[in-house]
Structure formats: C-alpha cells, structure tokens
Amino acid sequence: MAVSGISDTRQYLTFKLDEEVFAVDVSQVREILELIPITKVPKTPEFMRGVINVRGSVVPVVDMRIKFGMPRGEETINTCVVVMEVEMDGETAVIGALADSVQEVSEFQPEHIEPPPKLGTQLNVEFIKGIGKQEEEFVIILDIDRIFSSGELQHVTSAGETAVSQEEGAQAVNV
C-alpha cells in the first residue's frame, strides 16, 4: 500500500540517530558537513545546539535526537551536520540537523513505502511521510517541513540572527 502524497520514485538521504535509520528528501538537502564547533546560543530550547558558520551565513543546528525524545548521543568521527532547507509558512529557512552518521542516498518507489504505524512509534507520526524498507531494516522517511512548529522554527532562526549580531558587536569592540 503506497502512501498518499508520494506519487513518484524519489531519492532520500539516509542517516542514523541511535540505531534508527531516518531519511529526508534529497532535494531539501544542501550539504553534509563534518562536525565543526557549534556556538551555543543562550535561552534556546534544549534541542537547539547552537549555530555554525557556513560560508559566512549563520545556520542554526538542531540536535535531532533530543527533538525526537532520544538521549543525547556521543559525538564521534561519524557525527555530522546535514544542512537542509525547511519550508514553513511560505518561507524557506536553512537549518543544520545533527546526525550520528550519514549512510547513503537511496531511491524508494512509492509502492514500497508504507504509511506510518498508528501505535508503537517513538515519534509523533505527523512528522513521518512513511516507512520504507532497505535490505532488512526499516527507514523512517521524515517530512522535514513538519518536524518544527512555526514558533520553534522562528525561535531557532531568530536565535541564529541574535548570535550573529552579538558576534559582530564583539568583533567591533575588539577592533
């Protein structure tokens, strides 16, 4: 049984959080970065790790494990930041999602994607487009545009802008 809303074969970037495999539509992924120092922004939600500089732009970084109610993970050589474009209220925002590791780009045909189960999932199912199967493991296909509420996304993006303003002010004082 195919999932409504997924009508064509698409490519998805797969990544791991803990032992679970997740996927996002590759068209929303800008790039994958090695873990770089993250500047913590005060008074932000726990799931927001801080901001990073990506070629002169401030990008908020979200710890997807915490956002999904998982325990915070150990940072390893495989830990990375998946930089994505998220659509919210007609606006496009760029965020970084902390992942334990990135696996590969996989293609899923719509008839091989099942709807999310109604019970027994750790995630709120409104975030999930469907469940795909890759070899012998299940892949949770995320609707990245629905993971954050508009208030959360606004909080994350405004925190990034505040951090830039504070950093620019500190640089001006040091000149």
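The values are calculated or read from the model by the stated rules, or taken from the named source; none is laboratory data. What you are looking at is a predicted structure, and each value in this text was computed from that prediction instead of being measured. Positions of Cβ are generated from backbone atoms using ideal geometry, with glycine treated the same way; all protein chains shown enter the neighbour counts.
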Residues (out of contact with any Ser or Thr (no Cβ under 9 Å at 6 or more places or on another chain) and within 13 Å of Leu33 (Cβ to Cβ)) located in segment 62-83: Val81, Val82, Val83
- prompt: Can you name the residue in segment 1-20 that is modelled with pLDDT of 90 or more and surrounded by 17 or more Cβ atoms within 10 Å (Cβ to Cβ) and is also farthest from Gly73 (Cα to Cα) among such residues?
  reply: Tyr12
query: Got at least one residue in segment 98-114 being aliphatic (A, V, I, L, M), loosely packed, with under 13 Cβ neighbours inside 10 Å and in a loop (DSSP other than H, G, I, E, B)?
result: no
query: Any residue in segment 121-143 that is modelled with pLDDT of 85 or more, under 15 Å from the mean Cα position of the chain (by Cα), within 23 Å of Gly73 (Cβ to Cβ) and not in a strand (DSSP E or B)?
result: yes
statement: Selection over segment 81-107 where residues are at pLDDT 90 or above and over 16 Å from the mean Cα position of the chain (by Cα) yields a count of 2
